[in-house]
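Data block below; observations after.
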Amino acid sequence: MKTSPIMSSHHFSRRTFLRGVGVTMALPWLESRTVWGDAPVQTVQPNNQAPVRFGALFSGNGFRSGEWWAKGAGQEMELGKVLAPVTDLREKLTVFNGLFNAEALKGNIHSSQTGNLLSGAPLASGGEIRSGTSVDQVIAQRYGRSTKVPSLVLGCERSNAGIHKNYSMLYSSHISWSSPTTPTPLELYPALAFDRLFKDGATRSDQSVLDAVLAEATQFRRNISSMDQHKLDEYLNSVREVEQRIERAGDNGELQGWRPTLDGPNMPRPADGIPQDLSEHMRLMCDIVVLAFQTDTTRVCTLKLNNDHSYLRFPELDANEGHHQLSHNNDDAYLRVNQFFLEQYAYIARKLDEIQEGERTALDNSMIMYCSSMMSGGHDAGQLPVVVVGGAGGQLPGGRVLDYAGQPNRKMASLFLSILDKYGIRLDEFGDSAERLDEV
Amino acid sequence: MTAPRQIIVSLCTALHLLLVYSVVAGAQPQTFDSLGARYDQETRPLLSRFCLECHSTDAKEGDLDLERFATLADVRQDTKPWQKAFEMLTLGEMPPEESDQPSADERDQLLGWVRQYLDAEALAQAGDPGPVVLRRLNNAEYTYTVRDLTGVELDPAREFPTEGAGGEGFTNVGNALAMSPSLLVKYLDAGKKIAAHAVLLPDGFRFSTSTMPGDWADEILGDIRALYATYSDTVALGLGSELGNVNVHGDTPLGLAGRLPLEKYLAAAATIAQQDEIQIGTVETIALKHELSASYLHSLWETLTAGEPSFLLDGFRERWRDATPDEAAALAAEVAGWQKTLFTFGPTGLIGRKGGRSRWMEAVSPLVTQVELRYAVLPAAEGQEGADTILDIVITDAGDGNEHDFVLLHQPRLVAADMPDILLSDLLQGGADTNAPADPAEPTEEPPTATEPVEAAWHCVPPVVLDASMFGKHPDGHEIDAHSLCVHAPAVIQIRLPAASTAGREFVSTASLDPDTGAEGSVQVLPVVHGVHPPPVIRSGLFTPEMSVIYSVVSSIFSDHQTVRFRGAILTGKGLAGENSAARRRINEAMDEYRQLFPPALCYTQIVPVDEVVTVLFHFREDDHLSRLMLEDAQRSRLDRLWTELQYVSESPLKQLDTLELQLEVVLGNPQYDSIVAMREPLYARGDEFRQELTDSEPHHLEALVEFATRVYRGRMTELMAEQLRGLYHQFRDHELPHDEAFRLTLARVFVASPFLYRLEDVPAETEPGPVSGAELANRLSYFLWSSLPDAELSAAAEEGRVTAGDTELLAQTQRMLHDPRVRRLATEFACQYLHIYDFDPLAEKSETHFPEFADLRGDMYEESILFFTDLFQNDGSLLGLLNADHTFVNDRLADFYGIQGIEGDVWHRLDGIQQHGRGGILALATTLAQQSGATRTSPILRGNWVSEVLLGERLPRPPKDVPQLADTVPEGLTERQLIELHSGQPACAKCHERIDPIGFALEEFDAIGRRRETSASGLPIDSHTRMPDGTEIEGLSGLRDYLLQTRRDQFLRQFCRKLLGYALAREVQLSDKPLLDDIMEKLRANDYRVSVAVEQIVTSDQFRKARGKE
């Protein structure tokens, strides 16, 4: 561990007391890498090759019914109207038909269809909050330690408060979960997301502050209930994680062989606040995802374009109703909004594809997924709209439509097991699945 | 069609047996023995027949295994599945349609047992504090807490991620409040931002809305000026005004403010004078009534009614004694005349320089020992014959009698350049060229003060026409210089100066008191030329001298000394010891007394000198008159404190040194250098002293920080933690961070600390639930009612153990807090979340095309809802008023929107009789109506569902998969209602929609932004007649309101209480809370449904006062 001489004594004491109270054992994983124990997981890529990045984009409420489909392969692939914006990328595209998330069918509608989309875990109802660690955070916790920021969790719509049909609407607003009880807080502000990637504001003094609050919280940990200890551990871990980031600052660039094509941002810091114009907001977030990957500041991003049960409106697309109402209307206006979302997806993919990393493009070295909580506005989650673009560093041939409809292994969690393999994370089970998708 | 519907209706009524309302109140609770026996004999066999095929340990459909419950003991291990089973049974969802169905009796038997078991279990577990997960402050609580701690409206959580809800649907539930590294960084940044608002003061610190030291100084300046303005007249007089002897450079827009508002006091004092009996109390009362300083009014009263005789005051006292309040202006004007004589004003920018003045307003004395009398006779215009000049030398006794008043006029003469002087004694003897003997002139004017009832000495004396015989002798007969005059005051010597011999010459003489006979005299001497000089205004034998002040300008940057001239000064004799005659001392004392009581200005309100182009001084304080005359002790020390703070915050003693050096550089080698360099020594000395003060204050800051942190930590501070805080500060200092930075970082650290961010509560030592500590209970109470930390009063009650000692103090604090304005936060955080209108303000969910007015109205709509609930809590309203209130709150815009006339302005009014406008209660709030609508049209489904789920707590079955779609816009020829009816008519949908749509139809009288309407969006008439699920026919808002009040009252109230309880406990309401809810309902019925009754029941419950024991 690299430490400045001034701080080393604190590290010693901090570690000692953390051990003393057994924090190490109780730590739930956050949006972070392993703190002690596990060695860093290396991607299956050799050292001189670019790392594989993972991205997931989400929009709620499904799509115009009957317009999400794909058939054929490679250049011959035909796409439904919703997917039309990614037509030019079809040779790098993998379309998954017929996948579903069994746990999402067990609750009610909307909120209980979203919170476990990337985990396949059962959702707690009745005001309790419990899902499962989502696939992006599993990657971040095991693989994100190589980068300055383990993962970015972005959104373009504020979270919903309240309870809907006995499920917290937190579930409608969070696809990324750092632990089964920790929905990862979303960054809505482009400027703050940008700062997270590139600002090195933290100082030695910050570290002293963090040392102090960590020591203090540990004193309290003794006298509170075990349930509260678990919650306080979220805090202890977060403090610890931020401290480690400060320590790690400057450690970047120690990779052997491969170097990112860009050292720093090639765009100005976005203006403070949330852009008034929704398309500008989304575009900035897309740019930040691309920039994060290109500079290798992080390798894991999720971008929630809107919530399930969303109230966003798109008057510039000549759609007057809110997104949720639009999804029930299922008309041309809704299709325009669907396509607008897929255009964001295509935008990220194209930009990555323009970045040459050796023989491959950045897109070839990525897996960018797009999915929704239901197929159409009618709450049908019997099969989900799922598509991945990018080659996972040569591990995922594109131009394919994989059809799992009617097959026993048609679980989203199986896809996630396969995806995790691409990052060298070989799990026996994930969510409700213990099988991989053979074709992936 | 009717059969299944009846089942649904009756079943959904049954659902609410459990928590929503209790129909078995009073029924004998079942013993577990009898329940156990019945479980074995009746229930278990029924389960086997109808349930276990799917819900076996193997199949476990829907994650439900009922097979494992072999006996009641097993059932009691895990109650949750039975609550779920009860729900599914009552909803009619189980057993599923395709399975074997129990008979009605069997169903009743099964359901009956489950209900009785759950009731028994609820009683057995009653008061269980439940699982309450450690709560992080949510964004709102964090913000309110920071604001209450700092006293400043900061918004540090503005860019924090929004939070989700848990428990009963509120954002204050621990498990919905996650922490993450990125959020932690936000807290750290926010802590630093808050710390940047700290203003360090000599003995501690406070917070400011600003982070700029310049603004902090301005805030203190503002406070000082506000204090000044309380007692002084701050409307600045322009230059050249009444008191405009302030001479400043250029066009500096500096007027004379801070004046003594004498007229008000004289008017009030006249009021006192007219009262029969005068007591101290009366002065105080009058002062209070007129918002005057009692202290000054008292001094004024004392001086005017008593005190030593004074040549300046005696006449004034007489006039005041007879005056009525409306004559106060004239009295004040009289004083103003003397104020102009007794004071001068000068530029403050020069103060401190060598030879410069020391005050802005200085005393000036009109006392002299000799007076130059001069008058230049103008030559006649060409071709015209000049007129003779008539000069009166007016000599008065200065109002104090004429003993010793022998005035010597030294050799009056006419002088001209390059010509020999003409002595008046010669001229009058005919020695000169004149052949026209001086005729006695008739007095041409009446004395100017004829209307004044004065004892003016001089104009009682007829003018004496000067003749040659008057020269050379003293009135007592002895000889004096032959060319001089000696006159006994009062006298007027009239001199006719013939045009022929005097044109172009100047009349010159010197007046002084005769050294032998006039050493103790006092007179005024004033030459008055007929037709040229205005005659002096006489009061009490004195006239007010006229003063003029002339500044000589040395350079364009620095002005220099002033010259003061008087016309009609008071002449005193030289006395025995030089100029210090007894008369002079006496007059000086009288003038001092006058100055002390009547300073024209009380304070220098400008404070920052701007009357010079460049000044050394940053701030100039001159408020001794204000302090002495107007302020009470407490105000005086506050003023002193503010001044100390101003100096401290602006660091002016150090900054002045920089300015001084800069100026010295500029004037190096110039004459000004010497006068400025004189400031150096005192300013440097002050600078050193100030540096020491800065250093001395550092420990105070650290201690104040520890004390502040004690509040921030809300009862969790220990001596060890305090020591750790100090340690961190010293660690920063050891690493050479300056004090300010080390202080702010340590302060920031407090806002990242777990005892601030989390509501830590110790777990009871036993496994049984135990009472929480006083501090913990105080926190629970204040976060429930105020979404913030306890205030000083509640903290003290907790510390002294009163809050945890029985109900009395807890209830008293609760009542106090409910009446406090901070209960607005309960209205916002609880009530608005309960109604699903939280954060309505930025709602951008309406189509601008359809409702362009909405964007400007939504803030007002939200405010109405918040005010409605604030009023409910603050004034202990009836919960029935939620439905049938006949009042609401409006400003002009909202009144206009509601079609109500006569409300003007932005101010919010409570408006009664609102039902006649088709409003009243939560069903008719613009917020709820707009929230439960689409962006372009109303949605009876959303509104109906809202009433059903949110207001009544009903749980609807899950909608079918693939619900059919609705058209975006209503097709031609259909109302929104008809569109919905088309949709809901489909069999798959009817089951639920029959329950919710009719409720929504009743509210079709309101459009999608909550405006009353007669026709639908497509122009068709609105039909708000509808049939409730139980068959009741109703009409519109009033029908729905009456239906809910009469038929569904208990269900509605119980749901409100359930939500309030869930909010208070920050968890889901559970089975064991049922007895408490029963109790609340009973108390509400007995107490006119007053909301405080529900609050009181909650805060005194075991759930609220205890925590679960350790596992």
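The values are calculated or read from the model by the stated rules, or taken from the named source; none is laboratory data. None of the values given here were measured: they were computed from a predicted structure. Positions of Cβ are backbone-derived with ideal geometry, glycine not excepted, and every protein chain shown enters the neighbour counts.
Quick notes on this structure:
- Residues that are surrounded by fewer than 16 Cβ atoms within 10 Å (Cβ to Cβ) and not aliphatic (A, V, I, L, M) were ranked within region A:404-423; the one that is nearest to A:Ser366 (Cα to Cα) is A:Asn409.
- So B:Arg1090, is it touching a strand residue (DSSP E or B) at 6+ places or on another chain (Cβ under 7 Å), basic (Lys, Arg) and modelled with pLDDT of 95 or more: yes
- From the list B:Arg1027, B:Arg1048, B:Arg1041, the one residue that fits, being in contact with a helix residue (DSSP H, G or I) (Cβ under 8 Å, 6 or more places away or on another chain), surrounded by 15 or more Cβ atoms within 10 Å (Cβ to Cβ) and of a type in the set (D, E, K, R), is B:Arg1041.
- Residues of region A:178-205 satisfying the condition of being closer than 14 Å to B:Pro181 by Cα, within 9 Å of another protein chain (Cβ to nearest Cβ) and in contact (Cβ under 8 Å) with a residue 40 or more places away in the chain: A:Ser178, A:Ser179, A:Thr182, A:Pro183, A:Thr184, A:Leu186, A:Arg196, A:Ala202
- Tally, over region B:803-813, of residues that are touching a residue at least 24 places away in the same chain (Cβ under 8 Å) and either surrounded by fewer than 20 Cβ atoms within 10 Å (Cβ to Cβ) or aromatic (Phe, Trp, Tyr) (or both): 3
- Selection count, region A:215-226, where residues are over 18 Å from B:His730 (Cα atoms) and outside any loop (DSSP other than H, G, I, E, B): 6
- Of all residues in region B:122-151, those satisfying the criterion of being small (Gly, Ala, Ser), out of contact with any Ser or Thr (no Cβ under 6 Å at 6 or more places or on another chain) and away from chain A (no Cβ under 14 Å) are B:Ala124, B:Gly127, B:Gly151.
- Filtered by the rule that a residue be among the hydrophobic types (A, V, I, L, M, F, W, C) and not in a helix (DSSP H, G or I), region B:84-113 gives a lone residue, B:Met94.
- Residue count, region A:163-195 (criterion: of a type in the set (D, E, K, R) and at pLDDT below 90): 1
- Residue check for B:Leu747: touching a residue at least 12 places away in the same chain (Cβ under 8 Å), under 25 Å from B:Arg780 (Cβ atoms), in contact with a strand residue (DSSP E or B) (Cβ under 9 Å, 6 or more places away or on another chain) and within 12 Å of chain A (Cβ to nearest Cβ): no
- Residues located in region B:63-83, provided they are part of a helix (DSSP H, G or I) and either in contact with a Cys (Cβ under 8 Å, 6 or more places away or on another chain) or of a type in the set (A, V, I, L, M, F, W, C) (or both): B:Leu72, B:Ala73, B:Val75, B:Trp82
- Taken over region B:173-194, residues that are part of a helix (DSSP H, G or I) and either at the interface with another protein chain (Cβ under 7 Å from one of its Cβ atoms) or surrounded by 24 or more Cβ atoms within 10 Å (Cβ to Cβ) (or both) amount to 11.
- All of (1) modelled with pLDDT under 90; (2) within 11 Å of chain B (Cβ to nearest Cβ) hold for A:Ser151 with one exception: (1).
- Scanning region A:298-327 for residues that are free of Cβ contacts under 8 Å to residues at least 60 places away in the same chain, not in a helix (DSSP H, G or I) and not aromatic (Phe, Trp, Tyr), we see that the one that is surrounded by the fewest Cβ atoms within 10 Å (Cβ to Cβ) is A:Asp318.
- Candidates A:Ala191, A:Ala140: the one that is crowded, with 24+ Cβ neighbours inside 10 Å, of a type outside the set (Val, Ile, Thr) and part of a helix (DSSP H, G or I) is A:Ala140.
- Qualifying residue in region A:97-104 (condition: under 19 Å from the mean Cα position of the chain (by Cα), on the phi < 0 side of the Ramachandran plot and surrounded by fewer than 22 Cβ atoms within 10 Å (Cβ to Cβ)): yes
- Checking each residue in region B:756-769 for being crowded, with 18+ Cβ neighbours inside 10 Å and either more than 15 Å from A:Lys231 (Cβ to Cβ) or among the hydrophobic types (A, V, I, L, M, F, W, C) (or both) picks out B:Phe756, B:Leu757, B:Leu760, B:Val763, B:Pro764, B:Pro769.
- Some residue of region A:277-287 being more than 22 Å from A:Gly378 (Cα to Cα), touching a strand residue (DSSP E or B) at 6+ places or on another chain (Cβ under 8 Å) and away from every other protein chain (no Cβ under 14 Å): yes
- Condition check for B:Phe160: over 24 Å from B:Phe207 (Cα atoms) and among the aromatic types (Phe, Trp, Tyr): no
- Of the residues making up region B:157-172, those that are more than 7 Å from chain A (Cβ to nearest Cβ), part of a loop (DSSP other than H, G, I, E, B) and either more than 23 Å from A:Asn237 (Cα to Cα) or over 34 Å from the mean Cα position of the chain (by Cα) (or both) number 1.
- Any chance B:Ala930 is buried (at least 18 other Cβ atoms within 10 Å of the Cβ), assigned to a helix (DSSP H, G or I) and either within 14 Å of chain A (Cβ to nearest Cβ) or touching a His at 6+ places or on another chain (Cβ under 8 Å) (or both): yes
- Contact map, region A:369-380: residues that are at the interface with another protein chain (Cβ under 8 Å from one of its Cβ atoms) paired with residues that are among the polar types (S, T, N, Q) and outside any loop (DSSP other than H, G, I, E, B), Cβ distance under 8 Å, separation 6+ or inter-chain. Pairs shown: A:Ser376/A:Ser327; A:Gly377/A:Ser327; A:Gly377/A:Asn329; A:His379/A:Gln113.
Table: residues versus (1) surrounded by fewer than 18 Cβ atoms within 10 Å (Cβ to Cβ); (2) at pLDDT 75 or above.
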position: B:Arg539; (1), (2): no, no
position: B:Thr544; (1), (2): no, yes
position: B:Met547; (1), (2): no, yes
position: B:Ser555; (1), (2): yes, no
position: B:Val564; (1), (2): yes, yes
position: B:Arg567; (1), (2): yes, yes
position: B:Ile570; (1), (2): no, yes
position: B:Gly573; (1), (2): no, yes
position: B:Ala577; (1), (2): yes, no
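- For region B:1087-1111, the set of residues classified as outside any loop (DSSP other than H, G, I, E, B) and within 14 Å of chain A (Cβ to nearest Cβ) consists of B:Lys1106, B:Ala1107, listed by residue number.
- Positions within region A:206-224 being more than 8 Å from chain B (Cβ to nearest Cβ) and among the β-branched types (Val, Ile, Thr), in sequence order: A:Thr218
- Region B:835-852, subset within 31 Å of the chain's Cα centre (by Cα) and aromatic (Phe, Trp, Tyr), residue nearest to the other protein chains (Cβ to nearest Cβ): B:Tyr838
- All positions within region A:84-117 that are more than 24 Å from A:Gly406 (Cβ to Cβ), not β-branched (Val, Ile, Thr) and not in a loop (DSSP other than H, G, I, E, B): A:Ala84, A:Pro85, A:Asp88, A:Leu89, A:Arg90, A:Glu91, A:Lys92, A:Ser111, A:Ser112
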